[in-house]
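Quick note: the coordinates plus some simple rules give every number you see, no bench work behind them. The model shown is predicted, which means the values in this text are computed figures rather than measured ones.
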Amino acid sequence: MNYWLVKSEPFKYSWDQLVKDKVTTWDGVRNYAARNNLKAMKKGDQVLFYHSNEGLAVVGIATVAKEHYQDPTTPDPNWVVVDLKPLKPFKKPVTLAEMKAEKKLANMSLIRIGRLSVCDVKEEEFNTILEMGGMK
């Protein structure tokens, strides 16, 4: 299994909306590195759901429900989407400030490449964030 992080501004699409929808198409990604991460996602991979701009925190864990396919919001074949479904909310959101203060997360893509909307997450980083959020 691989681990990932997706970022969304809560006023555009929040964790609560994902829970309500039960599944969503993760569309609109227009960065090649983020697109390559979408292409690498496999069904069952776990995904940290991060609220950007407002909140600045990991708030839940989703899972990849469907692997990449053509982004229906554009005819350009270069762009893909995946389907995500919620797995569980964090007991305590893990803020960006807390992650930046944790030495084990210093090399995390979210911290090194802050503008990337879909990031890979190493297993150790994933587990550290779960611990910080009261999930382990």
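Between the Cα long axis of helix 123-132 and the first principal axis of the chain there is an angle of about 60°, rounded to the nearest 10.
Structural descriptor for the stretch 3-132: relative contact order 31 percent, calculated from alpha carbon pairs under 8 angstrom and at least 6 residues apart.
Going through the cross-link list LYS43/LYS103; LYS43/LYS136; LYS20/LYS43; LYS12/LYS85, which pairs have a Cα-Cα distance over 25 Å in this structure? With Cα atoms farther than 25 Å apart: LYS43/LYS103. Of all DSSP bridge pairs formed entirely within the chain, close to 80 percent run antiparallel. Cross-link partners of LYS92 among aspartates and glutamates, defined as those whose alpha carbon lies under 15 angstrom from its own and excluding same-chain residues fewer than eight positions apart: ASP16, GLU131. Checking (i) 14.8; (ii) 10.2; (iii) 7.4 against the coordinates, the calculated mean projected area of the Cα convex hull in nm² falls under label (iii). By the rule of a C-alpha distance below 14 Å, with chain neighbours fewer than 8 residues away ignored, the aspartates and glutamates paired with LYS39 are ASP27, GLU67, ASP71, ASP83, ASP120. Rounded, prolate or oblate for the stretch 38-92? Axes are the square roots of the Cα gyration tensor eigenvalues, ordered a ≥ b ≥ c, and the cut-off for rounded is a/c under 1.5. Oblate, since a/c reaches 1.5 and b/c is not below a/b.
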